[in-house]
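Comments concern the structure below.
No value in this document is a laboratory result; all are computed from the given coordinates. Everything numeric in this text was worked out from a predicted model, so none of it was measured. Here the Cβ positions follow ideal geometry from the backbone for every residue, glycine too, while neighbour counts run over all protein chains shown.
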Ligand SMILES: [Zn+2]
């Protein structure tokens, strides 16, 4: 249908050029006996609306556990709905030309972006990504591979295994990491929040005290000294502060930042917090100091990056510019 319209359109343009030249230039030619004088049918054929070219684009159809899909949806007037393996994920509008007028931006509301996190314990296999908008729908088959992260068998001492997270702690952390805000606050690559040596990567699978391998390391650790600065990896807004005295038994003193478009980050086991809730922070700004509060074997920084509440490998945001 689109091709047919395109051909008609191109033919139309050619005919309209013939028409112009027939009238203005080639008037002396005896070859042209019936000049084209009307363009009305061509205008009718030009009604190609954005509604007819909706697309779903995925950065890659193959990902590993702990990665995420970068999904672009173009040609929509309304926010499309997106699912990965039956779970719905939010789409955020991208306004490409920030200098456009209000009216033109309103008319350009056609490109949406979504991050689909691949949870670290997702069973390797074939899954699908499905997008819908009105009568339109598109399904893409995707493959999830094992990230082959090692398994760490941890034995907690009696005193440590008897420390439990409080309900308040779990509520605040869980809801804050699921923050979905429309304004994207970061630009380009993230910067590591600590200059110390990295001590434990994201995704190492864990078994506690001989139990099943049902959890994993949800962030990246830095072997930083007590009191070392912890800085914001990119611009953001403080969405939550947690303190040991308020029941943060496991996470310890904690800062959670919102970066927009479903991207959040967490900083745990701090000895000191330098920011307050709802404060805006800039990349490189000090937000706290390294400590070993909560369940922690010694001073270190635990840094987690979450997409729609699911932890993903923070290295992806440091090594790639994700805009
Ligand atoms: Zn950690």
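Please give the Cα centre distance for region 283-305 versus region 258-272, rounded to the nearest Å.
10
In nm, give the distance between the simple-model label positions of residue 321 and residue 78, each being 7 Å from the Cα along the Cα-to-Cβ direction.
3.6
When the convex hull of the C-alpha atoms of region 151-319 is computed, what volume per residue in Å³ does it have? Let's see the in-between values first.
Working: hull volume 18.0 nm³, N = 169.
In region 151-319, the Cα hull volume divided by residue count equals 106 Å³.
Based solely on C-alpha atoms, express the radius of gyration and the Dmax of region 260-323 in angstrom.
13.0, 36
At 0.36 nm per residue, minus the direct Cα-Cα distance, what do residue 215 and residue 178 gain on full extension? Give it in nm, one decimal, please. Mind showing how you got there, number by number?
On the way: separation 37, 0.36 × 37 = 13.32 nm, distance 1.92 nm.
The span from residue 215 to residue 178 would gain 11.4 nm if fully extended.
Find the Rg to Rh ratio for region 140-223, where Rh is the Kirkwood radius over alpha-carbon pairs and Rg uses the same atoms.
Details: Rg = 17.0 Å, Rh = 16.6 Å.
Over the Cα atoms of region 140-223, Rg/Rh equals 1.02.
Between residue 95 and residue 226, what is the label-to-label distance in nm when each label sits 7 Å out along the Cα-to-Cβ direction?
4.9
Put a dot 7 Å past each Cα toward the Cβ at residue 60 and residue 279; how far apart are the dots in nm?
3.8
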